[in-house]
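Working notes, structure below.
FYI, it's all coordinate maths here, none of it is from the lab. Note that this is a predicted model, so its numbers are computed, not measured. Don't worry about glycine lacking a Cβ; one is built from the backbone with ideal geometry, like all the others, and counts go over all protein chains shown.
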Amino acid sequence: MTEQDKKYIEALEENAKILFADSDFYDVIETIGAEYAYKLAKCFSGGYIYIPKLETIQRAQRDKDIFYEVQQGRSYKNIAKKYGLSTRSVQGIVKENS
């Protein structure tokens, strides 16, 4: 990161509410901080990016965890109970990840 970038980030921190108060970008700044918001803007400037729903991200990790637990010998029934799924759903997840 250059010195100029650092100055821009500092200015963004100081002026975010004034410059972006009515925009989604202000919410981004408040959520992840000025430095990371600046990096996003620098990378995707003026464009749109797809941000998946949180449950989609969580489901991907959950499915990996389920597959691992089956590989470790846990029963489908116990895994299903742990994740609030049916045994059939657990079997489908394992089949998809095999």
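One line per residue, one yes/no per condition, for (1) surrounded by fewer than 16 Cβ atoms within 10 Å (Cβ to Cβ); (2) among the charged types (D, E, K, R); (3) assigned to a loop (DSSP other than H, G, I, E, B); (4) over 23 Å from the mean Cα position of the chain (by Cα):
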| position | (1), (2), (3), (4) |
| --- | --- |
| ARG59 | yes, yes, no, no |
| ASP65 | yes, yes, no, no |
| TYR68 | yes, no, no, no |
| ARG74 | yes, yes, yes, yes |
| LYS77 | yes, yes, no, yes |
| ALA80 | no, no, no, yes |
| ARG88 | yes, yes, no, yes |
| ILE93 | no, no, no, no |
| GLU96 | yes, yes, no, no |
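Among the residues of the stretch 14-39, those that are outside any loop (DSSP other than H, G, I, E, B) and loosely packed, with under 15 Cβ neighbours inside 10 Å comprise GLU14, ASN15, LYS17, ILE18, LEU19, ASP24, ASP27, GLU30, THR31, ILE32, TYR36.
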